[in-house]
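The values are calculated or read from the model by the stated rules, or taken from the named source; none is laboratory data. A quick note: this is a predicted structure, and the numbers were derived from the prediction, not measured. Here the Cβ is made from the backbone with ideal geometry for all residues, glycine too, and neighbour counts use every protein chain on show. Please note that ligands, DNA and RNA were not included when accessible areas were found on the heavy atoms of the full protein model with its side chains. Shrake-Rupley method; radii C 1.70, N 1.55, O 1.52, S 1.80 Å.
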Amino acid sequence: MIIVYHSARFYLPLLACALHLGLSYEAEDFFRAGWAEETGKPLRVMGRDDGGNIVCSLIHGRHGGLYKRALEGAADVFELSCRCIRVEDLLTVRRTGRNLALSRLIACHLPHFLGPAQRRAIARALDRQLKRQREEGRP
Amino acid sequence: MKIIYYCFAGAHASVVAAAIHCGRLPAERVPTSEEFARLPYYDRTPPELVGRPYFMGPDEFGNSIYFIGFWSQRRQLADALTTFLAAGGIPRSEYILQDAFPLINFSTKLGGLLSKRYRLTGFGRRITIWGLQRQYPQFVALVTDLKQRLASGFCGGTAGPAGNPGEKRNT
């Protein structure tokens, strides 16, 4: 399966991929190098996880729906197994499956204003959600 | 092999190119307005579904022909799709991504805008057809060139903007 973590903001998919693959995101260069590589290429293959899934990051700006439809459509056409995960949704979804508007707004926009200071907090929250997903049997 | 024509909204240029490729539009003459209007999906792709590939039909070689709209993200999305398919183990010899957008002229763009954004569907559609009829030989040339490349064993991948010397190329 191809797992695509996508977001409008560049560091969220990179962070999600790093957490999924167990890579270190602590070094300052991680995001800087990631950003430099992403500027021309919206989709980047980050690696392969323990289950053999290919993990990709996608930065789409304000065209999230377009990229999602195109990738899922291409997966259908070429009979590939694909899962697109919007990182903001992953951050804010509750155990009940509900997605609170306020927490989504914070996840989407607050890191943009606070900058890298909140990266660890976001990483912790994202890590919790990824672990929960794995417990629930999702890749 | 799968051949995917792409343009801005996946409603005019890519639909016409895909239809010529499948033989749904004639290559030896300019089609009438009714023939354009009868095409499945012509000027009918809903904006909220742009990005989804649509199947037009098979060609005479058994290739599957699709069309898709990429909005203003043509270069980036073509690159993303190539990376995505490579990650999925699909070799470049199994598909061709062909840009059809540079072939459309001002009247088709204006007609598309009137039809899609301002909901003047009837009037806008007529202008798009008028523009496409004037540009039709270039569409036929694009498809013929692609078919010749297929016949000569072209190995697929992403094809750049098609040739139209008089047209300004949009990126």
Exercise for the section: May I ask for log10 I(q)/I(0) of segment B:1-155 at q = 0.15 Å⁻¹, from a Debye sum over the Cα atoms as equal point scatterers with solvent left out? Expected result: -0.74
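Over 24 Å between Cα atoms: which of A:K68/B:K2; A:K68/B:K147; A:K68/B:K116 fall into that group? Spell out each step's value before the answer.
Values: A:K68/B:K2 20 Å; A:K68/B:K147 30 Å; A:K68/B:K116 22 Å.
Table pairs above 24 Å Cα-Cα are A:K68/B:K147.
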Exercise for the section: Subtracting the Cα-Cα distance from 0.36 nm times the residue separation, let me have the gained length for A:R124 to A:E79 in nm, one decimal. Expected result: 12.7 nm
Practice task
Restricting things to alpha carbons, tell me how big segment B:9-82 is in terms of Rg and Dmax, in Å.
Solution key: 12.9, 37
Exercise for the section: Report the extension gain between B:A151 and B:Q133 in nm, rounded to one decimal, defined as 0.36 nm multiplied by the number of residues separating them, less their alpha carbon distance. Expected result: 3.8 nm
Exercise for the section: Mind checking B:74-81 for the average number of partner chain beta-carbons within 10 Å of each residue's beta-carbon? Expected result: 6
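Can you give the direction-averaged projected area of the convex hull of the alpha-carbon atoms in segment B:1-40, in nm²? Don't skip to the end; give the middle numbers.
Values: hull surface 12.5 nm².
The Cα convex hull of segment B:1-40, projected and averaged over all directions, gives 3.1 nm².
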Exercise for the section: Could you look at chain B and say what percent of its accessible area is carbon and sulfur, using a 1.4 Å probe and all protein chains? Expected result: 56
